[in-house]
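Structure record follows, encoded as structure tokens.
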Amino acid sequence: AFTRDDLASAIAVGAIDVHYQPKVDMRTGIVRGMEALARWHRPGSGFVRPDLFVALAEQEGLIHELTMAVMARALAQAAQWGRRGLRLSMAINLSQRLLDRPSLVDEIAAMVRRHGLKSEQVVLEITEGTLASRASTALGVLARLRLKGFGLSIDDYGTGFSSMQQLARIPFTELKIDRSFVHGSHQRTNLRVILESALDMARRLDMVTVAEGVEMMEDWRLLQQAGCAIGQGFLIAKPMPASDMLPWIKRHQ
Ligand code: G
Ligand code: G
Ligand code: NA
Ligand code: MN
């Protein structure tokens, strides 16, 4: 087990690492962007599951510090890849608690500027389920982020409650369909119908369509046929440290 203090000091000393998972163009296979995923390796006790320490950070008032630490690393990495000629978007997971913080917009914008990046290169992934509970508070922050040019992605789409309402009210740029509608969709008609309907709706709303949890070749083919723009999942690549990325991109292209 780990305590709030363990996590707080891990954040403070820079022990929270970031792994990256590619998001690829499903027509060409070209890597379009990365999602930053927090990793915590505790000396002596191994990896701590991110869902566990993210939840603790949310409960214990550390989510702002955690997110800013992840973002600082991820943006520095994106800038470094940019200098190597790789134009990749960088996606950061934002938890609902942060959307209660009006200063968030300027903090993120300042950090992006500091790294010499454009807001258009940065995508903020927000889990749909978390939005349902606080839509009114979150709305202003999300609208201001969008006005500044940031991409806004609905993460895990299909698992929340008021999904249609969120879509109508918030200017999301990307719909990321939850892996439960992706995995095995080629074998199950009901998953496939939901998947295709979500893709159709997103396209008509001018949103970028992303499928997460692509693990099987048959699902990849179905997504391609259904016109899904971007895929992410173990079939393509698992999350990996930054040092593995350039060799992976070389092999993948
Ligand atoms: O890859 P995976 O095991 O990394 O992630 C598990 C969960 O933790 C996912 O729901 C993922 O979105 C979440 N997660 C990973 N990194 C972050 C982060 O930096 N911030 C937030 N809010 N969630 C994260
Ligand atoms: O909630 P979010 O979508 O941010 O979660 C990211 C999580 O999904 C990470 O834990 C990552 O390791 C995991 N993940 C990424 N690709 C796949 C996949 O193809 N299958 C499964 N089961 N998990 C995946
Ligand atoms: Na995500
Ligand atoms: Mn997701």
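Between Met217 and Gln59, the distance separating the two model label sites (each 7 Å from Cα on the Cα→Cβ line) works out to 4.4 nm.
When +1 charges are put on Lys and Arg Cβ atoms and -1 charges on Asp and Glu Cβ atoms, the dipole computed for the chain relative to its Cα centre reaches about 780 debye.
If I take all pairs of Cα atoms in the stretch 4-252, what percentage of them are more than 23 Å from each other? Percent of Cα pairs beyond 23 Å in the stretch 4-252: 51. Evaluated with a Cβ-only charge set (Lys, Arg +1; Asp, Glu -1), the stretch 136-234 carries a dipole of roughly 380 debye about its Cα centre, given to the nearest 20. Eigenvalues of the alpha-carbon gyration tensor of the stretch 165-253, scaled by 5 and square-rooted, set the equivalent ellipsoid semi-axes at 25, 17, 11 angstrom, largest first. For the options Gly61, Gly149, Gly231, a Gaussian network treatment of the chain with springs between C-alpha atoms closer than 10 Å singles out Gly61 as fluctuating the most.
Taking the charge dipole of the stretch 4-252 about its Cα centre, with +1 at Lys and Arg Cβ atoms and -1 at Asp and Glu Cβ atoms, the residue from Gly233, Val24, Leu222 reaching farthest to the positive side is Val24. Please list, in order, the residues from the stretch 52-94 whose amide nitrogen is less than 12 Å from a point placed 7 Å along the Cα→Cβ vector of Thr28. What the label zone holds, given the 12 Å backbone N cut-off, is 87. Taking the fewest neighbouring Cβ atoms within 10 Å as the starting point, the ordered list for Trp81, Trp248 is Trp248, Trp81.
Ordered by the count of other Cβ atoms within 10 Å of each Cβ, fewest first, Ile194, Ile154 give Ile194, Ile154.
What ranking do 6-17, 31-42 get when scored by the average of other Cβ atoms within 10 Å per residue, highest first?
31-42, 6-17
Exposure proxy shown here: for Asp206, Asp178, Asp106, the number of other Cβ atoms within 10 Å sets the order, fewest to most, as Asp206, Asp106, Asp178. For the stretch 85-194, with the dipole built from +1 on Lys and Arg beta-carbon atoms and -1 on Asp and Glu ones, taken about the Cα centre, which of Leu104, Ile194, Leu94 lies farthest toward the positive end? Checking the options against the dipole of the stretch 85-194, the answer is Leu104. Straightening the chain between Thr3 and Met201 buys 67.0 nm, computed as 0.36 nm per residue apart minus the Cα-Cα spacing. Using 0.36 nm per residue and subtracting the Cα-Cα separation, the extra length available between Glu120 and Leu147 on full extension is 8.7 nm. What's the FRET efficiency of Ala76 with Arg169 using the Cβ-Cβ distance as r and R₀ = 35 Å, to the nearest 0.05? The calculated FRET efficiency here is 0.55. Of all the options Gln187, Gln166, Gln121, the one that moves most in a Gaussian network model of the chain with Cα springs shorter than 10 angstrom is Gln187. Local charge for Arg114 was computed over the other residues whose Cβ lies under 14 Å away, with Lys and Arg +1 and Asp and Glu -1, and equals +1.
All of the numbers you see were taken from the coordinates with simple rules; none came from a lab. What you see is a predicted model; the values in this text were computed from it and never measured. FYI the Cβ positions are ideal-geometry reconstructions off the backbone, even for glycines, and counts take in every protein chain you see.
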